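Notes for the one structure printed next.
The values are calculated or read from the model by the stated rules, or taken from the named source; none is laboratory data. Note that the structure is a prediction, hence the values are computed from the model and not measured. Here the Cβ positions follow ideal geometry from the backbone for every residue, glycine too, while neighbour counts run over all protein chains shown. SASA here: full protein model, heavy atoms, side chains in, ligands and nucleic acids out. Shrake-Rupley method; radii C 1.70, N 1.55, O 1.52, S 1.80 Å.
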Amino acid sequence: MTRPVYINGIGSVSAQKTFDNSVFLEDVTYRSDTIINVISPDYKSYIPPAAARRMAKGIKMSTVSAKTAIQEADLEENKIDAIIVGTGLGCIGDSEKFVRDIIDNNEQYLTPTRFIQSSHNTVAGQLALGMGCKGHNFTYVHSAISFESALLDAKLQLENKEADNILVGGVDELVDHHIDTHRLIEHIKQEPVATMAVLKSGTKGAIFSEGAHFFVLSGEKSHSCHAELVGVSTFNNLSKNQVSEKARSFLEENNLTSDSIDLIILGYNGDVEFDGYYDGLANGLFSNTCQIYYKHLVGEFDTASGFAFWLGNKIIRHHNIPPVLRLNSVEVSEPKLILCYNQYRGENHSFTLLRKC
Amino acid sequence: MTELKLELKEKIIEQLNLEDVSADDIADQDPLFGEGLGLDSIDALELIVMLDKDYGIKLADPKEGRKIFESVETMAAYITANRSA
């Protein structure tokens, strides 16, 4: 018999001011750009300067996000049994610098710091070092389902009582070379688009961004509990007409139908080539369901769906859907079941289901 | 020598990412490791690479580093006596 999995703490550093858990998108930042950076918290109030000086941006964002989640879960750091992180590109900034050093210095004079920081599992490792967590430490690198892969691992471990409290998160950072190459191949939009015009841009590519979203998942429900994680499912390749069928079977596996869903969070990013994947759900199976989107606020990155997960938890807690997120006008007073669907460029699809508890 | 000391301080700050530290905050005789700037073994490796790359000095015996990296003053003295770049 497996046990339920609860989300007892959440943390976010994103292109909106989300690092403060006491507010919920009350002060939205609107932009007009092709890339958007995170709104940084005051890192010094979270990380000692001696530790911060070797931290890449992704590690700093993750540290703040993780600390926020653990604090909200009201958990001592030594109660965390495992750390599981999803990331598309890891600490790509230091990877780029390390490779540039190799080229510039003819493979000589390589220094240790950038090498240490340049691996994908640096974030999970640094979090564990900072917390003194000697338990399971794992990093999933799988494009747009990196976060969901981490989430699924945590869910299985908690259900099977292999751990009681797991810190799980997703992180990706935005750096120059990554921007240059993705602009070149037109995965980043060529022209700036205003926040509220992203969906109607009619152009190829997305607004690129970065962020870190961490959660404390536990086998026991605490007083800080936001929601229950009911299910996670991922698919590497789906055609547009397979998405609805997979959504239906995902809900069936959890003894639900599309009518049971109060709110659906869709990962629309304004890419005219691939937003059609969401249209199938928005105009079909969930046409009478309250629909929201979020990438116009926080941009696209491999673990952007971590923001959707954060959003679902916030909405269940606050019973409030900020109007800036709305895709349709279907009303729901107190969402109890929330489905998240995400994909990137037609690949790496994920369904995640949250329930009020 | 004064110029070299200032150069070293700036390089140390930049290469070791010492945030909120300026060259004026580092006295010539301040210990770089331990109670002074609080540098550690990874920083020592960074400094060894810096000596090689920027001043053409290869430390054959890493134990030498203990004395050379005692302070900016000892570093500057060693570089002045041994530099090839």
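Numbers at a glance
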{"read-out": "Where B meets A: accessible area buried, both sides, 1.4 Å probe, Å²", "value": "1200"}
{"read-out": "Size of charge dipole - chain B - debye, nearest 20, with Cβ of Lys, Arg +1 and Asp, Glu -1, no other charges", "value": "540"}
{"read-out": "Carbon and sulfur %, accessible surface of chain B computed with the full protein complex present, 1.4 Å", "value": "49"}
{"read-out": "Fluctuation leader among B:Ala44, B:Ala27, B:Ala60 - chain B, Gaussian network, Cα springs under 10 angstrom", "value": "B:Ala60"}
{"read-out": "Heavy atoms of A:Phe115: accessible area, 1.4 Å probe, square angstrom to 10", "value": "130"}
{"read-out": "Amide N proximity, the range B:18-53 versus B:Asp61 label position 7 Å along Cα-to-Cβ, cut-off under 12 Å", "value": "none"}
{"read-out": "The range A:107-223 - Rg and Dmax from Cα coordinates, angstrom", "value": "18.6, 55"}
{"read-out": "Centroid-to-centroid separation of the range A:209-275 and the range A:311-337 [C-alpha atoms, Å]", "value": "15"}
{"read-out": "GNM result for chain A, Cα springs below 10 Å: residue of A:Ala227, A:Ala304, A:Ala51 fluctuating most strongly", "value": "A:Ala51"}
{"read-out": "Residue order for A:Asp20, A:Asp74 - accessible surface, 1.4 angstrom probe, largest first", "value": "A:Asp74, A:Asp20"}
{"read-out": "Tail weight of P(r) past 26 Å, computed on alpha-carbon pairs of the range A:6-218, percent", "value": "38"}
{"read-out": "Average projection area in nm² (convex hull over Cα atoms of chain B, one quarter of hull surface)", "value": "5.0"}
{"read-out": "Distance in nm between pseudo-label sites at B:Ala23 and A:Gln242 (7 Å out along the Cβ direction from Cα)", "value": "6.2"}
{"read-out": "Equivalent ellipsoid semi-axes, the range A:227-355, via Cα gyration tensor eigenvalues times 5, rooted, Å", "value": "19, 17, 14"}
{"read-out": "Listed residues A:Arg317, A:Arg183, A:Arg53, most fluctuating in chain A (Gaussian network, C-alpha, under 10 Å)", "value": "A:Arg53"}
{"read-out": "Along each principal axis, Cα extent of the protein assembly as shown, largest first, Å", "value": "80, 47, 36"}
{"read-out": "Accessible area of the range A:249-335 divided out per residue, in Å², using a probe of 1.4 angstrom", "value": "33"}
{"read-out": "Charge-dipole axis of chain B as Lys and Arg at +1 and Asp and Glu at -1 on Cβ define it, positive-most pick from B:Asn82, B:Leu4, B:Ala44", "value": "B:Asn82"}
{"read-out": "Table column - 3J(HN,Hα) (Hz), the range A:251-268, Karplus curve with 6.51, -1.76, 1.60, x for Gly and Pro", "value": "5, 4, 4, 9, 6, 10, 10, 4, 5, 6, 7, 8, 8, 10, 9, 10, x, 3"}
{"read-out": "Heavy-atom accessible area, 1.4 Å probe, ligands and nucleic acids excluded: residues of the range A:110-126 down by at least 40 Å² from chain alone", "value": "A:Thr111, A:Pro112"}
{"read-out": "20 Å cut-off, amide nitrogen to a point 7 angstrom out along B:Glu73 Cα→Cβ, residues in the range B:37-64", "value": "B:37-39"}
{"read-out": "Accessible surface, 1.4 Å probe, highest first, among residues A:Thr111, A:Thr18", "value": "A:Thr111, A:Thr18"}
{"read-out": "Solvent-accessible surface (1.4 angstrom probe) belonging to A:Cys340, in square angstrom, nearest 10", "value": "10"}
{"read-out": "Label-point separation, B:Leu45 to A:Asp20 (7 Å along Cα→Cβ), nm", "value": "4.1"}
{"read-out": "GluC sites (Glu not before Pro) restricted to DSSP loop in the range A:1-95 with at most 12 other C-beta within 10 Å", "value": "A:Glu26, A:Glu76"}
